[in-house]
Amino acid sequence: LGPATSPLKCTRDIRSNPEEDAMSWQSYVDDQLLGTGHVHSASIVGLDGSLWATSSNLQLSASEQSAIATAAANPSSVLGGKITLKGENFMVLRADDSAIYCRKGNEGACICKTNQAVIIGIFGENQQAGQCNMVVEKLGDYLREANY
């Protein structure tokens with residue numbers, strides 16, 4: 001895997017405060033998620049529902065961000081239900097302590113909780129769910145290992 005697909009090859013220091021380091025968090029969205037070609041749009045949201053970084057093609061409302069953070073903290077609460085992303089309801093297919101998978105038509109999402117944040121990766125038409133899930137979860141593993 002090349003640098004765009006392997007978050008373990010990141011060379012930047014992520015120990016700083018995420019609110020003060022927005023541009024660095026943006027590079028995770030741009031390079032480690034979108035840059036793989038397996039994720040159409042993405043965001044990183046703090047467990048408090050605050051927006052750390054997002055792709056230009058994903059607009060999440062404050063209430064959506066908060067609901068996603070709440071769902072990630074208690075995944076069983078959304079199992080069999082729905083999660084609203086970009087104003088659209090996505091059906092939750094699987095939810096556990098590591099990830100939530102949801103789908104709406106040709107689109108779907110992988111939502112991965114870390115120690116301090118939630119990574120949201122959405123795949124679109126002509127992208128594979130499994131590839132999107134792998135990219136999002138790999139970044140989640142990396143951030144958890146870095147205590148984020």
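Okay, here's what the table says:
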quantity: Check on GLY81, more than 16 Å from LYS138 (Cα to Cα), open to solvent by less than 20 Å² (accessible area, probe 1.4 Å) and at pLDDT 95 or above; calculated: no
quantity: Which listed residue, of THR36, THR54, THR11, is farther than 27 Å from ASN74 by Cα and modelled with pLDDT of 95 or more; calculated: THR36
quantity: Subset of region 28-50 [open to solvent by 30 Å² or more (accessible area, probe 1.4 Å), closer than 19 Å to ASN133 by Cβ and in a loop (DSSP other than H, G, I, E, B)]; calculated: GLY37, HIS38, HIS40
quantity: Count of region 103-120 residues which are crowded, with 21+ Cβ neighbours inside 10 Å and closer than 19 Å to LEU34 by Cβ; calculated: 10
quantity: Test result for LEU139, open to solvent by 70 Å² or more (accessible area, probe 1.4 Å) and not basic (Lys, Arg); calculated: no
quantity: Boolean, ALA53 is outside any strand (DSSP E or B) and either among the small types (Gly, Ala, Ser) or crowded, with 16+ Cβ neighbours inside 10 Å (or both); calculated: no
quantity: Residue count, region 56-74 (criterion: in a loop (DSSP other than H, G, I, E, B) and more than 15 Å from TYR101 (Cα to Cα)); calculated: 6
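The values are calculated or read from the model by the stated rules, or taken from the named source; none is laboratory data. None of the values given here were measured: they were computed from a predicted structure. Using ideal geometry, Cβ is built from the backbone for each residue, glycine included, and neighbour counts are taken over all protein chains shown. Note: areas computed on protein heavy atoms with side chains; ligands, DNA, RNA excluded. Shrake-Rupley method; radii C 1.70, N 1.55, O 1.52, S 1.80 Å.
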